[in-house]
Amino acid sequence: MATAVQVNVHTYATTHVATNLIRSLKQLVVACGLNATKLVGQWQVLENGVATWLGSRHLERLVLEIYPTSTGNLIRRFDFDIDYGYHPSGDGDLWIDPDTVAYAIKKSGELPKNCSYDILAKNSSGRPDVAGWTNGTFRSTSGLTRRSVGATVGGGDLGASLGVWK
């Protein structure tokens, strides 16, 4: 009986964290003045990948890269770092802190006009393939500084914290 409860908690936590990571990405995209059409058009693919890799414990980081379309050089990056031991003895509480994302937006500053974005996932080796996801390369963070903002979303032993490069 205890095993079934643990599996259900992990399944619910995985779904909750995956869904709210994608919602947090949307909050970032919209608040930064970027076009959310690209994100909304890929919502199901993004959610499938994130949920699959959270469930298999391969997702290490979910990243939003922002760059001017004229240069393609990274000017802002938001990292959601995944923690699989966030609250190992937790009771299965599911939570989200949208204020952490709002604070990150406020601290990151204004963006120039005509920026675009990409969403990337850093996975550990052996991750399962997910339809719609391809291999990509992270842009250089050279010249940028990373600041940790804090915990953003969690459920059971699964959590994600947010960091901003600017």
For this session: Test V164 against the stated conditions and say whether it is surrounded by 12 or more Cβ atoms within 10 Å (Cβ to Cβ), over 20 Å from T15 (Cα atoms), of a type in the set (A, V, I, L, M) and without any contact (Cβ under 8 Å) to a residue 60 or more places away in the chain.
Result: no
For this session: Answer yes or no as to whether K122 is touching a strand residue (DSSP E or B) at 6+ places or on another chain (Cβ under 7 Å), within 20 Å of K26 (Cα to Cα), loosely packed, with under 13 Cβ neighbours inside 10 Å and not hydroxyl-bearing (S, T, Y).
Result: no
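Please enumerate the residues belonging to region 104-119 that are closer than 16 Å to Q27 by Cβ and in contact (Cβ under 8 Å) with a residue 24 or more places away in the chain. Write out each step before concluding.
The first filter runs over region 104-119 and keeps only residues closer than 16 Å to Q27 by Cβ, leaving 104-108, 111, 117, 119.
Result: A104, I105, K107, S108, L111, Y117, I119.
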For this session: Identify all residues within region 123-164 that are within 20 Å of T100 (Cβ to Cβ), among the β-branched types (V, I, T) and assigned to a loop (DSSP other than H, G, I, E, B); write none if there are none.
Result: T145
Exercise. Counting only residues that are among the basic types (K, R) and in contact with a Gly (Cβ under 7 Å, 6 or more places away or on another chain), which one in region 133-161 is surrounded by the most Cβ atoms within 10 Å (Cβ to Cβ)?
Worked result: R147
Exercise. Quick one: V130 ticks every box in (1) surrounded by 11 or more Cβ atoms within 10 Å (Cβ to Cβ); (2) under 19 Å from K166 (Cα atoms) bar one, so which box is it?
Worked result: (2)
Problem set entry | Of all residues making up region 114-133, the number that are over 30 Å from V9 (Cα atoms) and at pLDDT 95 or above | 4
Exercise. Does G55 count as within 27 Å of T145 (Cα to Cα) and surrounded by fewer than 21 Cβ atoms within 10 Å (Cβ to Cβ)?
Worked result: no
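The values are calculated or read from the model by the stated rules, or taken from the named source; none is laboratory data. What you see is a predicted model; the values in this text were computed from it and never measured. FYI the Cβ positions are ideal-geometry reconstructions off the backbone, even for glycines, and counts take in every protein chain you see.
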